[in-house]
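Just below is one structure, and these are the notes that go with it.
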Amino acid sequence: MTTTAGRVRSAGPVLHPRICAALTAVSCLVHLWLAASGHHDAWLGLLMIGLAAVCVPCTVHIWRHSKVGALHQVTAAALVMVALHAVLLLGAGGAGHAHGGRPASNAVDTDGASGLLLVIGLELTTALLAATLVARLRQARTIDFLDTSLGF
């Protein structure tokens, strides 16, 4: 399929991968912002920068090619983040979510629970989008295979 400008248009889904890639990019930016904000210890900030750096190539692969491997990686990473932040939300054995010994910046939410819930929601949405995109891509490949093998 070609567009009016003569470029080849992708036969697969276009909006779904773009939304998934954009949400993954937002997650990367949130990690970088949190690392730069200084609300966490330095080692945790470096870990967040590392996580963002690992996720950027997946974002590009999803945006450009809807690579299934990148989608699997994003889904797994998002679910690990959900589990980690759920443990922090539940208190991790009474330790709670500490901000490097400093008090939380929000006077209304002194324990950071709303922020953790927002992160969990963002990561669950990312995992859901990536997983459903994998299912759509597999279904499209199956239909293409059947069409070519049956002569349609």
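The values are calculated or read from the model by the stated rules, or taken from the named source; none is laboratory data. Treat the numbers as computed from the prediction; the structure is a model and nothing was measured. Please note: Cβ atoms are built from the backbone with ideal geometry, for glycine as well, and neighbour counts cover all protein chains shown. For accessibility, only protein heavy atoms count, side chains too; no ligands or nucleic acids. Shrake-Rupley method; radii C 1.70, N 1.55, O 1.52, S 1.80 Å.
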Open item on the list: Here are the criteria: (1) in contact with a helix residue (DSSP H, G or I) (Cβ under 8 Å, 6 or more places away or on another chain); (2) open to solvent by 80 Å² or more (accessible area, probe 1.4 Å). Tell me which single one residue 43 does not satisfy.
Closed with: (1)
Open item on the list: For the structure I just gave you, tell me whether residue 90 is over 28 Å from residue 59 (Cα atoms), open to solvent by 40 Å² or more (accessible area, probe 1.4 Å) and modelled with pLDDT of 85 or more.
Closed with: yes
Open item on the list: Just checking, does the range 48-70 include any residue being open to solvent by less than 60 Å² (accessible area, probe 1.4 Å), outside any helix (DSSP H, G or I) and either modelled with pLDDT under 90 or closer than 13 Å to residue 129 by Cα (or both)?
Closed with: yes
Open item on the list: Criterion first (in a helix (DSSP H, G or I), modelled with pLDDT under 90 and farther than 22 Å from residue 13 by Cα) does residue 82 satisfy it?
Closed with: no
Task: Candidate set from the range 115-146 (those that are open to solvent by less than 60 Å² (accessible area, probe 1.4 Å) and of a type outside the set (A, V, I, L, M, F, W, C)); member that is modelled with the lowest pLDDT - done: 115
Open item on the list: Which condition from (1) of a type outside the set (Ser, Thr, Tyr); (2) without any contact (Cβ under 8 Å) to a residue 12 or more places away in the chain; (3) surrounded by 15 or more Cβ atoms within 10 Å (Cβ to Cβ) is the one that residue 25 breaks?
Closed with: (2)
